[in-house]
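Structure first, then comments.
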Amino acid sequence: MINKDPSVNIAIPELPKEIAGLKDIALNLWWTWNPEGKNLFKMINPYLWKESHHNPIAMLKNMSQKELERIVKDESIMRAYSFAYNSFKIYMEDKNIYADEPLPIAYFCAEYGLHHSVPIYSGGLGFLAGDILKESSDMGLPMVGIGFMYPNGYVRQVMSADGWQNGAEEPIEKDVAPIERVLDKEGKHFTIKVPFIDPVVYASVWKINVGRVTLYLLDTDIEQNDPWDRAISSRLYTPDINQRLRQQIVLGIGGYRVLEELGIEYSILHLNEGHPAFALFERIRSFIEKEKLSLEDAIEKVKQTSVFTTHTPLQAATDVYSFDMISNAFKDYWQALGMSKEQFMGLGINPDNPSAGFNMTVFGINMCNNRNAVSKKHCKVASDIWSHVLPKNNKGKPAIDYVTNGVHIPTWLNDELYEIINEKFRDKWKQIQDIFLSWTFVDDIEDKKVWEFSQYYKNLMVNYIRDKIRMRYAKDGIDPAVAMAEGVLLDPDILTIGFARRMAAYKRPDLILSDLDRLEKILTNKERPVQIIFAGKAHPADIEGKKILQHIFKTAQETRFAGRIAFVEDYGENVAKYLLHGVDIWLNNPQLPLEACGTSGMKASINGTLHLSTLDGWWPEGYNEKNGWAFGEEPSDNVKDANELYDLLEKEIIPLYYSVNDEGYSPKWVAMKKEAIKSVAPKFSARRMMKDYLKKFYIPISNKLK
Ligand SMILES: *Cc1c(COP(=O)(O)O)cnc(C)c1O
């Protein structure tokens, strides 16, 4: 499935022939999860590497011809180059493991979290989609991704002194991002027209190479479109309902056109959440037109060959468009399908609230016989809230299955552990990463070493946070209270709790601030001090989320906490890695049952950062009483939950951490860390997740199609 569409990135300079392959590595995100790739760019020029925010294209663009010549003469760089380039080539040419089955899969999602140089994500949904593409590439699974190019990315978070989140614009410099323009036969930027939609919208197409998987991105910010239409793709999850509908039309229907017009063959359509569900209409249309199926047969075939993954545990969180809005946009479309307006609308009507409009989740459920929730618990929740829409399976239960999310281990594992496992099994460990026994190697690592590498990552994190403040101070001269709130007084030697995720009310980011006097005693204890690091963005339209954030930021400025509460700005993939590897405890306290799965706790656990969480999402499947902690009850009660959290910290967690032996570490703490890695890594790896998707959906669908 290596894609050979003609494409260009115009920012890359002419490279000396000895290192011409650098361009291939720079233009494939393979380098982001393979140390030989990452290390190479860092070696070439550590200063420019940092300066470019780890973007190889930007770095190469800023290198003079003379400097490029210098690389060729540097033997150690050339050795690293040869190693990286050859590894890359071997990886790319490796025969697919799943060459024949299943049939190729087209994966649609509104956002992808791949790397911070491509800011087209807001959070968990995007990272899941990014990890799915990376793992499919590693497994040789034939997949192609469809998404959106957001010229303005997601908000960059800048905090004001009084704790209000201000969004700053940070437009993507398209030509310096690791993306390429797809070209048409004449060498022009390939553009599609979104069919039958009124008014006409065009989108140009970019691509990102994710190892052996290609991700195509649609971009409406082009000259052919009117200003209003150019802004369709401007922003991720725009609160403007009209633009939002148009976004989803372009993503679903436009995305489907891209695959058809590029002649990309695939047989399974996988929709990650309801945003791209309009692709199902275009799929019906295509079956009628190309395979000459009747409308009924086309609908049946779409149902059998499409997979719908739902992530919402609340009916209210789904996109619903008024019938007027849908009518205006689709009035020519249902005719093209040979459908009546009633039949068309009927596919998206929620029987619980039939006058509300066209519901994207209901539509997805109705049009895909293959449906899944994203954890065992969420499956139960989804079965309940959609019981009136879901057909019954042969056991009389709502017909929805689950595939618990997983995380792409090579992306999220810290370098220390990566090196140890790589030494143990060579590169082969990736093939056996979902097997429990593969991870028992952590028992062989000396306890002291495990403790030390955590301390090392904690130091790295604290330095990184202070460095950010130092740079900001140098630039704007910030207030000391703000510097304190942003973490200037963090201590690399004490027990550190991390809470980093979207600042949404249901996640209860300020639960731990419920009783400030009690918290003060915990944090400022002389012998056993504790600190908390917060990070996370509120959605720009979420005033409640912004207020919670402000509460945290202001509390962090109170001198009585002595700088032991910090908030790190601009949570994204880079900040996440520092925190996931650097804190001791990963706190997660969503209100039950509103966390469909959650993945950051998995990323923490595989690094030995202990998960302290309410029993929601994936945690009931992951928690084994030895690999972290669980608290809270269902339904959630803020006061009770907060008390239980303080009790756990005071009576169990803090004493455990500080029970250090003569060698300066806590053996019981280390035992828990090892247990966390061993129990979580195999079971919540993206490899296990993709095998579940294969077993439950992709292979059965393929078999039916043969
Ligand atoms: C993994 C990840 C998420 C999603 O994690 P949750 O547990 O769902 O909050 C969000 N943001 C970043 C940067 C991540 O890496």
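Can you work out the FRET efficiency for the pair Lys449 and Leu183, with r the C-beta to C-beta distance and R0 = 56 Å, to the nearest 0.05?
The value I calculate is 0.65.
On a 0 to 90° scale, report how tilted helix 75-93 is relative to the longest principal axis of the chain, with both axes built from alpha carbons and the result rounded to the nearest 10.
Helix 75-93 sits at roughly 40 degrees to that axis.
Starting from the Cα-Cα distance between Lys50 and Ala336, subtract it from 0.36 nm times their residue separation and give me the gain in nm to one decimal.
97.7 nm
Once a ≥ b ≥ c are taken as the square roots of the eigenvalues of the Cα gyration tensor of the range 157-232, is the result rounded (a/c under 1.5), prolate (a/b larger than b/c) or oblate (a/b not larger than b/c)?
oblate
What distance in nm separates the two pseudo spin-label positions at Gln431 and Val660, each 7 Å out from Cα along the beta-carbon direction?
Once both label points are built, they end up 4.4 nm from each other.
With axes computed from alpha carbons, what is the tilt in degrees of helix 447-476 against the longest principal axis of the chain, rounded to the nearest 10 within 0 to 90?
Rounded to the nearest ten degrees, it is 80.
Between the alpha-carbon centers of the range 75-148 and the range 548-607, tell me the distance in whole angstrom.
The range 75-148 and the range 548-607 have Cα centres spaced 28 Å from each other.
Tell me, what is the percent relative contact order of the chain, built from C-alpha pairs under 8 Å that lie six or more residues apart?
Computed value for the chain: 13 percent relative contact order.
Once you put a point 7 Å from the Cα of Asn643 and another 7 Å from the Cα of Asp476, both along the Cβ direction, what distance in nm separates them?
It is 4.1 nm.
With r as the distance between the Cβ atoms of Asp175 and Ser322 and R0 = 41 Å, compute the FRET efficiency 1/(1 + (r/R0)^6) and round to 0.05.
0.55
Counting only protein heavy atoms and using a 1.4 Å probe, what share of the accessible area of the range 430-684 belongs to carbon plus sulfur, as a whole percent?
C and S fraction of accessible area: 50 percent.
Looking at the square roots a ≥ b ≥ c of the eigenvalues of the Cα gyration tensor of the range 70-143, which shape do they give, rounded for a/c under 1.5, prolate if a/b is larger than b/c, or oblate? Can you show the working numbers first?
On the way: a/c = 4.20, a/b = 1.43, b/c = 2.93.
Verdict is oblate for the range 70-143.
Divide by every residue of the chain the summed helix terms, -39500 (n - 2.57) for each DSSP H run of at least 4, and state the resulting mean residue ellipticity at 222 nm, rounded to the nearest 500 deg cm²/dmol.
Result for the chain: -11500 deg cm²/dmol, rounded to the nearest 500.
³J(HN,Hα) across the range 227-243 via Karplus (A = 6.51, B = -1.76, C = 1.60, θ = phi - 60°), whole Hz, x for Gly/Pro?
x, 4, 6, 4, 7, 4, 8, 4, 9, 6, 6, 4, x, 6, 4, 5, 5
Leaving ligands, DNA and RNA out of it, report the carbon-plus-sulfur percent of the accessible area of the range 17-93 at a 1.4 Å probe. Walk me through the numbers on the way to the answer.
Details: 2140 of 3890 Å².
Solvent-exposed carbon and sulfur of the range 17-93 make up 55 percent of the total.
Going by the alpha-carbon gyration tensor, a ≥ b ≥ c the square roots of its eigenvalues, is the range 17-93 rounded (a/c under 1.5) or, if a/c is not under 1.5, prolate (a/b greater than b/c) versus oblate?
On the way: a/c = 1.67, a/b = 1.22, b/c = 1.37.
The shape class here is oblate.
Per residue, how much accessible area does the chain have with a 1.4 Å probe, in Å²? Please list the in-between numbers first.
Numbers: 27220 Å² over 706 residues.
That works out to 39 Å² per residue.
Treating the angle as unsigned and between 0 and 90°, give the value, to the nearest 10°, between the Cα long axis of helix 415-425 and the longest Cα principal axis of the chain.
It is inclined by approximately 70 degrees.
The values are calculated or read from the model by the stated rules, or taken from the named source; none is laboratory data. All values derive from a computational prediction rather than experimental measurement. Virtual Cβ from ideal backbone geometry, glycine too; neighbours counted across all protein chains shown. Accessible surface areas use protein heavy atoms only, side chains included; no ligands, DNA or RNA. Shrake-Rupley method; radii C 1.70, N 1.55, O 1.52, S 1.80 Å.
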